[in-house]
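Worksheet for the structure shown next.
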Amino acid sequence: MEAVSYHRAFGVYGIIGSLQQGLVVTKKFGGPYTNRYDLPGGSLEDGEPLTVAIGREIQEETGLQAVQIIQLGATSFRYPWDFEQWHFNQHITIFYRVSQTMGTLAPAVPNFDGQDSHGAVQLPLAQLTLANASPLVLKAKQYLLNGEHFDPTDTTYATWDVLTRPVY
């Protein structure tokens, strides 16, 4: 039997929102979450501290400036996805609760090398499902629905569909 080899991605992601106001999500156009809603966040630049990375990513993808953040914990998501020579992906994530922001939510953001967000919206939790959102969004939704309790349990999906048309 052949051993399964995983591509590994690592990033920091922010949970901005509440049960009443909904969740701030980005409109993703790259990677396995293409054409879905995703959490603001992403990869670190070379040598970048985690807290700097989460602030930068939130600003780039949503137009908001994170003022108060707290690290909630880490988890990973595993699923089949064809990328370069790999057939499986493990997305290792560190989640942050962003309890205060400044600025205005940007429905469209500038495009530049490395940008994979068309902008952001705030949606009611009931509108966010596996059919239109990334696993990260579903973890954030679970966090808000569970009284802001973060569950670090890894999640494995037997199948994963990269959408060919945007849900947004």
Query raised in the report: Relative to the first principal axis of the alpha-carbon coordinates of the chain, what is the inclination of helix 135-145, with its axis defined by its Cα atoms, in degrees from 0 to 90 and to the nearest 10?
Result: 50
Query raised in the report: In percent, what relative contact order does the chain have, based on Cα pairs under 8 Å that are 6 or more apart in sequence?
Result: 33
Query raised in the report: Once you mark the GluC sites (Glu not before Pro) that are in a DSSP loop and have at most 15 other Cβ atoms within 10 Å, what is the longest gap between them in the chain?
Result: 85-147
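Please compute the Kirkwood hydrodynamic radius of the range 1-61 from all pairs of different C-alpha atoms, in Å with one decimal. Working shown, then result.
Values: mean 1/r = 0.0752 Å⁻¹.
The Cα-based Kirkwood calculation yields 13.3 Å.
In Å², what does the accessible area per residue of the range 1-67 work out to with a 1.4 Å probe? Kindly include the intermediate steps, with their values, before the conclusion.
On the way: 2990 Å² over 67 residues.
Here the per-residue accessible area is 45 Å².
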Report task. May I have the pair-distance distribution P(r) for the chain, computed from all Cα-Cα distances with 10 Å bins from 0 and rounded to whole percent? Result -> 10, 41, 38, 9, 1, 0
Requested in this report: Just add up the charged neighbours of T155: K/R +1, D/E -1, any other residue whose Cβ is under 14 Å from the Cβ of T155.
Outcome: +1
Query raised in the report: Going 7 Å from the Cα of I92 toward and past its Cβ, which residues in the range 125-168 have a backbone nitrogen under 16 Å from where you end up?
Result: 153-155
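For T129, what charge total do you get from the other residues with a beta carbon under 11 Å from its beta carbon, if Lys and Arg give +1 and Asp and Glu give -1? Before the final figure, lay out the partial values.
Numbers: positive: R36, K141; negative: none.
Residues close to T129 contribute a combined charge of +2.
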**Report entry** Charge sum, other residues only, whose C-beta stays under 14 Å from N111's C-beta, Lys/Arg counted +1 and Asp/Glu -1
**Finding:** -2
Query raised in the report: By a straight-distance test (C-alpha under 17 Å), which aspartates and glutamates pair with K27 as possible cross-link partners, with residues fewer than eight away in the same chain excluded?
Result: D38, E57, E60, E61, D113, D116, D161
Requested in this report: Specify the angular offset, from 0 to 90 degrees and rounded to the nearest 10, of the alpha carbon long axis of helix 50-62 from the longest principal axis of the alpha carbons in the chain.
Outcome: 80
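Where nothing but the Cβ of Lys and Arg (+1) and of Asp and Glu (-1) is charged, how large is the charge dipole of the range 69-168 around its Cα centre, in debye to the nearest 20?
Numbers: 5 positive and 8 negative charges, 60 e Å.
Taking the Cα centre of the range 69-168 as origin, the dipole is about 280 debye.
The values are calculated or read from the model by the stated rules, or taken from the named source; none is laboratory data. Just so it is clear, the structure is predicted and the values come from calculations on it, not from any experiment. We place every Cβ from the backbone using ideal geometry, glycine too, and count neighbours over all the protein chains shown. The protein model used for the area step is the full one, side chains on, heavy atoms only, and it has no ligands, DNA or RNA in it. Shrake-Rupley method; radii C 1.70, N 1.55, O 1.52, S 1.80 Å.
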